[in-house]
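One structure is given below, encoded as structure tokens.
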Amino acid sequence: VNSEGDEREVKHPAHRITSFRYQHDELHVSTDGEVAKYQLLELADPPRLALDVYGVGLSARVPKVHSAHLRDVRAGAHADKVRIVLDVAGPMPRYHVVRKAHGLALELKPGAVRPMVRRMGRWCAVVRHVPLSVPLREESR
């Protein structure tokens, strides 16, 4: 599981998700204020992305998606968040989340998996933990 997230203080926090729109390989999640906290998880078997938006309720339906990258998009409300799941069709695309004045945009791009985040005004690849192919031996005491 790979994840990225962002949390910040906002002047006008969102309380609910008001609409979804999927266009040009971007899922736009509109809210009634600014998103204070989100987390994006990359999950495997089957491949999918889960976008958790905290502190909001769900007042919108997810549209049917017609995309080379996605098979389906669904959303569900939980006690402290709304989880939006994107079922990936084929290999995991590159992706990153962009904050908007009233919501978030999750952008998908073709190519090898390289999640991107915006840091100090520039897009940067997320560095992943890569497991060793050879297990470490215990040191003798």
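Which one of these does Asp45 not meet: (1) out of contact with any Asp or Glu (no Cβ under 8 Å at 6 or more places or on another chain); (2) surrounded by 15 or more Cβ atoms within 10 Å (Cβ to Cβ); (3) farther than 14 Å from Leu70 by Cβ?
Unmet for Asp45, out of (1) out of contact with any Asp or Glu (no Cβ under 8 Å at 6 or more places or on another chain); (2) surrounded by 15 or more Cβ atoms within 10 Å (Cβ to Cβ); (3) farther than 14 Å from Leu70 by Cβ: (2).
How many residues, within the range 4-28, are more than 20 Å from Leu108 (Cα to Cα), in a strand (DSSP E or B) and open to solvent by 100 Å² or more (accessible area, probe 1.4 Å)?
So the answer is 2.
Going by what's in this entry, would Leu40 be described as in a strand (DSSP E or B) and farther than 21 Å from Val1 by Cα?
Criteria not met by Leu40.
Within the range 51-108, which residues are outside any strand (DSSP E or B), open to solvent by 70 Å² or more (accessible area, probe 1.4 Å) and within 17 Å of Gly33 (Cβ to Cβ)?
If the condition is that a residue be outside any strand (DSSP E or B), open to solvent by 70 Å² or more (accessible area, probe 1.4 Å) and within 17 Å of Gly33 (Cβ to Cβ), then Asp80, Ala101, His102 are the ones that fit.
Give Arg118, Arg141 a once-over and let me know the one that is modelled with pLDDT under 90, loosely packed, with under 15 Cβ neighbours inside 10 Å and part of a loop (DSSP other than H, G, I, E, B). Break it down into steps so the answer makes sense when it comes.
On the way: Arg118 fails: part of a loop (DSSP other than H, G, I, E, B).
Step by step, each of Arg118, Arg141 is checked, and only Arg141 is modelled with pLDDT under 90, loosely packed, with under 15 Cβ neighbours inside 10 Å and part of a loop (DSSP other than H, G, I, E, B).
The values are calculated or read from the model by the stated rules, or taken from the named source; none is laboratory data. From a predicted model like this one, the values you see are computed outputs, not experimental measurements. Methodologically, a virtual Cβ is constructed for each residue, glycine included, from the backbone with ideal geometry; neighbour enumeration extends over all protein chains shown. What goes into the accessible areas is simple: the full protein's heavy atoms, side chains included, and nothing from ligands, DNA or RNA. Shrake-Rupley method; radii C 1.70, N 1.55, O 1.52, S 1.80 Å.
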